[in-house]
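Reading through the structure tokens given below for one structure.
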Protein chains: 4
Amino acid sequence: MNTDLEEFLTRLDGEIRAEGDWGKPADYIPELARIDPAQFGIAVALADGTIVTAGDAERRFSIQSISKVFSLACVLGRIGEQIWTRVGRESSGARFDSILLLEREQGRPRNPFINAGAIVTTDELLTGRSPKETLSEIVNFVRAAADDDDIHIDKTVARSETETGWRNAALANYLKSFGNLKNPPELALGTYIHQCAIEMTCVQLARAGRAIAGLPGATSIISPAKARRLNALMMLCGHYDGSGDFAFRVGLPGKSGVGGGILLIAPGRASVAIWSPGLNAYGNSKMATLAAEKLAQHMGWSVFGGR
Amino acid sequence: MNTDLEEFLTRLDGEIRAEGDWGKPADYIPELARIDPAQFGIAVALADGTIVTAGDAERRFSIQSISKVFSLACVLGRIGEQIWTRVGRESSGARFDSILLLEREQGRPRNPFINAGAIVTTDELLTGRSPKETLSEIVNFVRAAADDDDIHIDKTVARSETETGWRNAALANYLKSFGNLKNPPELALGTYIHQCAIEMTCVQLARAGRAIAGLPGATSIISPAKARRLNALMMLCGHYDGSGDFAFRVGLPGKSGVGGGILLIAPGRASVAIWSPGLNAYGNSKMATLAAEKLAQHMGWSVFGGR
Amino acid sequence: MNTDLEEFLTRLDGEIRAEGDWGKPADYIPELARIDPAQFGIAVALADGTIVTAGDAERRFSIQSISKVFSLACVLGRIGEQIWTRVGRESSGARFDSILLLEREQGRPRNPFINAGAIVTTDELLTGRSPKETLSEIVNFVRAAADDDDIHIDKTVARSETETGWRNAALANYLKSFGNLKNPPELALGTYIHQCAIEMTCVQLARAGRAIAGLPGATSIISPAKARRLNALMMLCGHYDGSGDFAFRVGLPGKSGVGGGILLIAPGRASVAIWSPGLNAYGNSKMATLAAEKLAQHMGWSVFGGR
Amino acid sequence: MNTDLEEFLTRLDGEIRAEGDWGKPADYIPELARIDPAQFGIAVALADGTIVTAGDAERRFSIQSISKVFSLACVLGRIGEQIWTRVGRESSGARFDSILLLEREQGRPRNPFINAGAIVTTDELLTGRSPKETLSEIVNFVRAAADDDDIHIDKTVARSETETGWRNAALANYLKSFGNLKNPPELALGTYIHQCAIEMTCVQLARAGRAIAGLPGATSIISPAKARRLNALMMLCGHYDGSGDFAFRVGLPGKSGVGGGILLIAPGRASVAIWSPGLNAYGNSKMATLAAEKLAQHMGWSVFGGR
């Protein structure tokens, strides 16, 4: 199978590069807006422990919102189901940075993968500790999951986002006004922004997702029950207002980031990381989404049924 | 395995009946409001062709919104992907009969499983044919899927809903005002209401779901590719604003109806029908949801990973 | 003063006709869409009993939403302040036919001048009587106010609107679903549509507004206290989502209709009717709004202070 | 007339104090929440130059949102109608601190009297100057209007609001994210909060309103044309989501503040300041609203028609 997969990924890399329309990198973080969109990388971690790659799979990129999966995993490890008193588990039916629903629902974000929900998750982790300690916990969790210590926060990206991230600042202050932040807004926000600025390669990210995929040897860091829940949330809310479209086309749980990365999970089979910086209308990587669709189709990995 | 499942369903039936809190039947359709909530039935159709049941599995109930899965299957069979120009594939983040999003999105319903979306689907089927012919097509499709001709529309329920279904009448007229109904609103609405009034037993419904589950011998009526898509939509939008909660707790695609039924799909493994008339706050059957959770847990059927 | 006003209106008529951009007639009522927009009429009823006119002041037009002022006056006469349990008194901050707010506010329209609110008002008048009797009451009220029996309903317009008025049908059914219609939706809607189809000339309408302006000899039909309240509502909500703009530019209470008419009230001084069929972006007559601004400015009639 | 008014105000003071239900002071600014609600003052500045008072008319209170009228007057004086490219003139149909509409309208506040709109107004004044200079301009404008130099900012209140004003911080950051703030959010917000913390007595505030009422000798500071526009905005949007109710009951333009004050304008006749710290459900002073209604009724001052 691995030979077939290797051949497929090489072909896929060629097909993606031949597409021609890469989409546009996120423009609201100046540091990310400057990245050349004509890049593509993919790494597939399989149940047998092997990693198959193609393209720019060793290039570091900003994982951004993909970090929300790891911070949620940390929170679930620490306080478990209690987190659901502060954040919901439903699709938002709105953009990732929408503030509208937050008013209608009185400060309780619809799910932990929209920005408001992730700020709440990080705020929970921050409680009783400094931002530095909190960030260490999240980064160390990712390192342990990937079994690789060479994973760091890109402070240039964090600074860039801090200077222009007014919408997230609005969300943090709004949450605070409803009493759904335990820490000062600027502290929760600063920690959240730094967590989003974690840099990883496709290989590192695919390795870090093995526990969520429930692959052999990786389940000690996230229990199977927690992994199932993370996957359910990724399936329902992992791609913002394009989650339904992604589920329909790909049929696998995934989580995107505006840095152009997607973490894709084939439960029991594989953990996949795909990266291409140009985004589609929903704010998800255009080429990574297409590659995810082609990969899932080729491998027959859809959780919704075989060929 | 079947012996284990039989024992489990018998135990489950006892546990559900011991719960004590059945929820409240739908109150907006007078004919349904009168039903005794203290009822429970379950039928599981397995890949080996056997059907295992417990409780009131042979009692007929009004399938209501579960019919939306079958009418969508009919439309996909007839015009295929073109239907997505008229209706979306995203969670609505709102109640099943919300009209609010319809205004924001200019008459294009968010998905085919909220009422507005299902009225559009039925309107598409109605185009070029009479309501009677359209209803025959839907009922015959269900009969063929269940391999059972004894499936009918309960006209008393249809009449009851027609007399008090003002919110659906509002939705139909609103869709028409945006040009997203091809037929007169009362015609599309009347056909939709009759389709919802199809009566089935758990056994019949479980059998009808086998094609969606991709079980052997059942795939001729719905292709595997279409079945995967139906499952994706059921997972994302099958339980209205409680879809996330259902995915999180159960981990399987499903579709509920206000008659108290749930069609639950374990792709490649089983098609399950559960019925109990009392509803929870989202408008889904309270006890059927609980039973779905326990069954999926016991069998390890979650599509999001094993135990 | 009247000589000055006569000269001013003649000059105004010329200026309006020279503007060149008439706006577009309402397109959602086919019968109204066919009217030539290049028409303009104005009639001013003064405190001394005289009427000064210019342009097409004797031409009949469909008063449409201006009828809401008269039906509200009828309801206030019959049940008084009780009507406010069914409808609010606040600006809607939305289009005249918005259904969105109705969902947020659970079926209680924001004010009696948006369509939903006017349907509720008419429904109240309809209670205990036939549509025919109700329409007689409204038409007779308008005739008495105008002191002119030659005022009728244009049945061609009513029929035209009935055939295509799906959005109003949606509103009526939606109100019913919240229990805020006492009569069947089609009955309340039919009566409302016929009331909107009353035809009047500018002269007739200006005369009918004298009681609202509190002009001498006209107050027996509407008490001064009721007139003040009608004026307050016209000021706050008389021009849908352009009410603030109208108040800012004109400084007088008014009520527009999609037929192109505006009833303008200078309390204690004059009742003015202006008509020109082309509409602006808010759905109010473009040239009638401009004429109202020029007239109020010229006469120093703003209620918000003199020159 | 003044003797009658004196007697009336004395009687009114007694009636208000006898009412018994004062409402609750604003709770979101700790410093204001501590004020005894059982206080009431009123001052009426008449066209003849006299001031008639009753109750606690010489007690200083925090004018809060009433300051929005003065900052808007400053902006109109500086850049005139250009301000309307950044802020609208329509009622919001929502609470004073709603963020929802801001999302729908892409960062352009509905009017300058909701918090978001006032932050934009202040931001415009701030452009090219320091917060200190900007605040001096506003305070000096108020002093000139009141002809009284003993008017100051209460820094304790400003500090109290700075520490807990997360919702306003959310609004400011949100405006910035849409590009509708020229200055850093914290600067615009800080200036806005200090402007709101201006302290005045009823006598001072009634005097400061004379130019808006167009009283003799007061029009040099605000031109009659500007005064009419301020009155139009106060009538339409001066009491947040209770503006319609206020217009209906009182019939005069006014602007409330959460400190319990109301500036009430009877164009050409009087400028009135009323104060009582307890608020009603809309966030307007409960007893000041009642007093305004009784005063306007007694004097026959409604702009919507006489008795």
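The values are calculated or read from the model by the stated rules, or taken from the named source; none is laboratory data. Worth saying up front: this structure is predicted, and the values here are computed from it rather than measured. Because the Cβ atoms are built from the backbone with ideal geometry, glycine has one as well, and the counts that use them run over all protein chains shown. We work out accessible area using only protein heavy atoms, side chains counted, and drop any ligands, DNA or RNA first. Shrake-Rupley method; radii C 1.70, N 1.55, O 1.52, S 1.80 Å.
Numbers below:
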{"item": "The range B:248-307, subset within 21 Å of A:G88 (Cβ to Cβ) and among the basic types (K, R), residue surrounded by the most Cβ atoms within 10 Å (Cβ to Cβ)", "result": "B:K286"}
{"item": "Residue in the range B:208-226 that is buried (at least 24 other Cβ atoms within 10 Å of the Cβ), more than 14 Å from chain A (Cβ to nearest Cβ) and at negative phi present", "result": "yes"}
{"item": "Given (1) of a type outside the set (K, R); (2) over 18 Å from D:P267 (Cα atoms); (3) open to solvent by 10 Å² or more (accessible area, probe 1.4 Å); (4) over 12 Å from the mean Cα position of the chain (by Cα), index of the condition D:Y240 fails", "result": "(4)"}
{"item": "Inter-residue pairs, beta-carbon under 8 Å, first closer than 23 Å to A:I212 by Cβ and in the range A:271-295, second open to solvent by 10 Å² or more (accessible area, probe 1.4 Å) and acidic (D, E), 6+ apart", "result": "A:W275/A:D56; A:Y282/A:D241; A:Y282/A:D245; A:M287/A:E19; A:L290/A:E19; A:K294/A:E15"}
{"item": "Residue match in the range A:141-153 (condition: in contact with a helix residue (DSSP H, G or I) (Cβ under 9 Å, 6 or more places away or on another chain), outside any helix (DSSP H, G or I) and open to solvent by less than 30 Å² (accessible area, probe 1.4 Å))", "result": "yes"}
{"item": "Output for the range C:157-168, where each listed residue is open to solvent by 40 Å² or more (accessible area, probe 1.4 Å), out of contact with any Phe, Trp or Tyr (no Cβ under 8 Å at 6 or more places or on another chain) and of a type in the set (D, E, K, R)", "result": "C:R159, C:E163"}
{"item": "Matching residues in the range A:59-95 - criterion: being over 18 Å from the mean Cα position of the chain (by Cα) and of a type in the set (D, E, K, R)", "result": "A:R78, A:E81, A:R86"}
{"item": "Subset of the range C:137-185 (residues that are away from chain B (no Cβ under 12 Å) and among the aromatic types (F, W, Y))", "result": "C:F141"}
{"item": "Meets criteria (modelled with pLDDT under 95 and in a loop (DSSP other than H, G, I, E, B)) for B:S220", "result": "yes"}
{"item": "In the range B:186-203, residue farthest from the other protein chains (Cβ to nearest Cβ) [restricted to those that are assigned to a helix (DSSP H, G or I) and open to solvent by less than 10 Å² (accessible area, probe 1.4 Å)]", "result": "B:C202"}
{"item": "Condition met for B:E90 (acidic (D, E), farther than 17 Å from C:I99 by Cα and either assigned to a loop (DSSP other than H, G, I, E, B) or assigned by TED's automatic domain parsing to the domain that holds B:V272 (or both))", "result": "yes"}
{"item": "Scan of the range A:100-133 for residues that are away from every other protein chain (no Cβ under 14 Å) and more than 18 Å from the chain's Cα centre (by Cα), ordered by number", "result": "A:E124, A:L126, A:T127, A:G128, A:R129, A:S130, A:P131, A:K132, A:E133"}
{"item": "Residue match in the range D:15-22 (condition: surrounded by 15 or more Cβ atoms within 10 Å (Cβ to Cβ) and touching a strand residue (DSSP E or B) at 6+ places or on another chain (Cβ under 7 Å))", "result": "no"}
{"item": "Subset of the range C:45-77 [outside any helix (DSSP H, G or I) and within 23 Å of C:A158 (Cβ to Cβ)]", "result": "C:D56, C:E58, C:R59, C:R60, C:F61, C:S62, C:I63"}
{"item": "The listed residue being small (G, A, S) and part of a loop (DSSP other than H, G, I, E, B), out of C:G80, C:G117, C:G128", "result": "C:G128"}
{"item": "Test result for A:A213, at pLDDT 95 or above, outside any helix (DSSP H, G or I) and outside the structural domain of A:P131 (by TED's automatic domain parsing)", "result": "yes"}
{"item": "Matching option when the condition is modelled with pLDDT under 95, in a helix (DSSP H, G or I) and assigned by TED's automatic domain parsing to the domain that holds A:Y282, among A:E15, A:E6, A:E31", "result": "A:E31"}
{"item": "Identity of the residue in the range C:81-97, surrounded by fewer than 19 Cβ atoms within 10 Å (Cβ to Cβ) and farther than 25 Å from C:V142 by Cα, that ends up nearest to the other protein chains (Cβ to nearest Cβ)", "result": "C:R95"}
{"item": "Residue within the range C:59-80 that is open to solvent by 20 Å² or more (accessible area, probe 1.4 Å), within 25 Å of C:D21 (Cα to Cα) and in contact (Cβ under 8 Å) with a residue 40 or more places away in the chain present", "result": "yes"}
{"item": "Candidates C:F70, C:F40 - the one that is touching an Asp or Glu at 6+ places or on another chain (Cβ under 8 Å) and more than 13 Å from chain D (Cβ to nearest Cβ)", "result": "C:F40"}
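Per-residue answers, yes or no, for (1) open to solvent by 20 Å² or more (accessible area, probe 1.4 Å); (2) in contact (Cβ under 8 Å) with a residue 40 or more places away in the chain:
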{"residue": "C:I99", "(1), (2)": "no, yes"}
{"residue": "C:R108", "(1), (2)": "yes, yes"}
{"residue": "C:F113", "(1), (2)": "no, yes"}
{"residue": "C:A116", "(1), (2)": "no, yes"}
{"residue": "C:E133", "(1), (2)": "yes, no"}
{"residue": "C:K155", "(1), (2)": "yes, yes"}
